[in-house]
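Below: the structure, in structure tokens.
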Amino acid sequence: MVVLSARNAAARRRFGNNPYMNPPPNHVGEGFHGHNGPPPPPRCRFLGQQSALLLVGIGIGYLVAINVGDYSSSNVGLDVIVKNLEQRRAAASATATTMESVGPMNTVSHQHREAAAHLRGDASSGVRVADNHRRTSSDVELEDGADVLANDSIKKDTSMPDIIPVAGKKNSHNTFRDMEGDDDEDLSVAQKRFVETQKLLSTQSIPTPTNPHVMKTPNLPDSKRKKILITGGAGFVGSHLTDKLMMEGHEVIVLDNFFTGQRKNVEHWMHHPRFQLVVHDVTEPIMLEVDEIYHLACPASPPHYQYNPVKTIKTSTMGTINMLGLAYRIKAKILLTSTSEIYGDPQVHPQPETYWGNVNTIGPRACYDEGKRVAETMMYAYKNNNGVDVRVARIFNTFGPRMHPNDGRVVSNFVIQSLQDKPLTIYGDGSQTRSFQYISDLVDGLHALMNGRYDLPVNLGNPDEYTVKDFAQYIKDITGSASEITFLPATKDDPTQRKPNITTAKRELGWEPKVTVKEGLQKTIAYFARVLEEAGEIIPTGQEASKPKPKAADSATVKVSPEAKLTIADDE
Ligand SMILES: O=C(O)[C@H]1O[C@H](OP(=O)(O)OP(=O)(O)OC[C@H]2O[C@@H](n3ccc(=O)[nH]c3=O)[C@H](O)[C@@H]2O)[C@H](O)[C@@H](O)[C@@H]1O
């Protein structure tokens, strides 16, 4: 589903193709709708009913005119006609009053008032026709009683306001032509204001709780502006990449199924005319026209990717095939975010790109590791066989703001635990090592890779290596936490060491990390402190989270037969 396209289409219908005319989010749009311009096209069923009533009112006027003519030509029963008119007018007026009383919003009640006014105007214009008829037929002899009735009725009608004056309007409207003239003026004022607002909004992000800083977006000339697709763009890495590309002035399409991505990660761009969000799962094909594809989509945290291993495999395999097929058809350059996990539990340390890895093909991590390995294989098959321009980044442990609070990876877990003075949970004895890079360095690396000429796999990571035990203590110290450190059972196939060899990135991309682990942690801690303030309490995702809870029926089976349990675990 293209979230913004309907809104854009609506704007185009109303204002043509002016790029600044994309309607803003509702809170901005109210400025326009609340203005004393014409009621906008029906936005809901209720407003549609208003239009219907307006038409009914016009119809009544028209029918009255015809009826009066018919009756008068036969010169009978003007009193009946006038009574009839009175009843219709009263009915129309009652409807109008009811409509006025509905609608708590100013904008809506304004529209109601106008619709009510139209109704009243139409009803009275019908009576005016009767009046005219009466005068033109004054030489016709009428029964006295009928004439009196007609006069009374006309007096009542003239005392009824044609149109209720609306604040800000100079004159009340007497004809539709008058209304069109004034509304044209109002519309142009509203449009100007709207264009100004849109112009401003199209140069920056909007501050949100997740992203309080305003980011500026330059206006690139068409020849330099690229259309870029980011699969998994609402995730932790994808959303930071979105920021970078938006700040360069490109057009960004974020595609996400929101399994681990979060709408709030990209909320600050939702209003922007060069940003689009497409809610879509990469395992399904999609047709888009873009220049570049950053293919990030896949859960990356062990508890997340182990939650549904089949889905993880499908995402890496079918998802990558779909994106490669797209890249091939539209001749787009495509970058795959692969992972340090393709090295498995490495026997070579640090790991260069030339190392082939050590992966257990049937272990709990295999759905991710092997999925990414075959995704790499597909990339080079498409390059060699179909001439697709490919890039492959092998990402090492990355952290920073916008990590999901329930990500379950070591940095977010230890930070969230420390900030709440809860025990820091080390899996195993804590002697395993990881090397941590800050998110902005990774994003710079991905960007350098996509825009460079080197098309073989490249490690992107910070070689700053820690044992998990030392890292726990480090975070505890930085946060000044009173947390204890606890040791839980090791997770299966957990790599014992990991550190990137980044010689290739330095040589081919001129890239190396700039942000120290300490600086990065301080920013991340500040972020999670804000998240915690909002959330109250967060229980980080633990080891158990990687398995879906057995359904009631399954648990019953498990109790009866231990073999059944084994079967269920294997199926999962
Ligand atoms: O962050 C990343 O970029 C990488 O994270 C994961 O790899 P992994 O190294 O297992 O990530 P973590 O879950 O953060 O685990 C790191 C180490 O900390 C340990 N850990 C984790 C969480 C925790 O609460 N306690 C704890 O001791 C783990 O057992 C592991 O030894 C993903 O599998 C990779 O795809 C991804 O590139």
Quiz item: Does Y343 count as farther than 22 Å from L446 by Cβ and either crowded, with 19+ Cβ neighbours inside 10 Å or within 12 Å of the ligand (Cβ to nearest atom) (or both)?
Solution: no
Quiz item: Does the stretch 473-489 contain at least one residue that is in contact with an Asp or Glu (Cβ under 6 Å, 6 or more places away or on another chain) and closer than 30 Å to V374 by Cα?
Solution: no
Exercise. Kindly provide the set of residues from the stretch 494-514 that are in contact with a helix residue (DSSP H, G or I) (Cβ under 8 Å, 6 or more places away or on another chain) and surrounded by fewer than 18 Cβ atoms within 10 Å (Cβ to Cβ), ordered by number.
Key: G510, E512, K514
Quiz item: Looking at this structure, is N385 more than 30 Å from K226 (Cβ to Cβ), modelled with pLDDT of 95 or more, part of a helix (DSSP H, G or I) and not β-branched (V, I, T)?
Solution: no
Practice problem: Pull up the stretch 390-400, narrow it to residues that are under 16 Å from D444 (Cα atoms) and more than 10 Å from the ligand (Cβ to nearest atom), then point me to the one that is surrounded by the most Cβ atoms within 10 Å (Cβ to Cβ). | Solution: R391
Quiz prompt | Identity of the residue in the stretch 454-469, under 33 Å from the mean Cα position of the chain (by Cα) and surrounded by fewer than 22 Cβ atoms within 10 Å (Cβ to Cβ), that ends up farthest from P540 (Cα to Cα) | solution = D455
Quiz item: Name the residues in the stretch 218-256 that are hydroxyl-bearing (S, T, Y), crowded, with 24+ Cβ neighbours inside 10 Å and out of contact with any Leu (no Cβ under 7 Å at 6 or more places or on another chain), would you?
Solution: S239, T242
Quiz prompt | Failed item, numbered, when S301 is tested on (1) under 22 Å from the mean Cα position of the chain (by Cα); (2) among the small types (G, A, S); (3) surrounded by fewer than 24 Cβ atoms within 10 Å (Cβ to Cβ) | solution = (1)
Quiz prompt | Some residue of the stretch 348-358 being over 27 Å from A327 (Cβ atoms), of a type outside the set (K, R), in contact with a strand residue (DSSP E or B) (Cβ under 7 Å, 6 or more places away or on another chain) and within 14 Å of the ligand (Cβ to nearest atom) | solution = yes
Quiz item: Where in the stretch 442-532 are there strands (runs of 3 or more DSSP E), lying fully within it, with 1 or more residues that are within 14 Å of the ligand (Cβ to nearest atom), aliphatic (A, V, I, L, M) and within 30 Å of D291 (Cα to Cα)?
Solution: 458-460
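The values are calculated or read from the model by the stated rules, or taken from the named source; none is laboratory data. Computed from a predicted model, the values in this text were never measured in an experiment. Please note: Cβ atoms are built from the backbone with ideal geometry, for glycine as well, and neighbour counts cover all protein chains shown.
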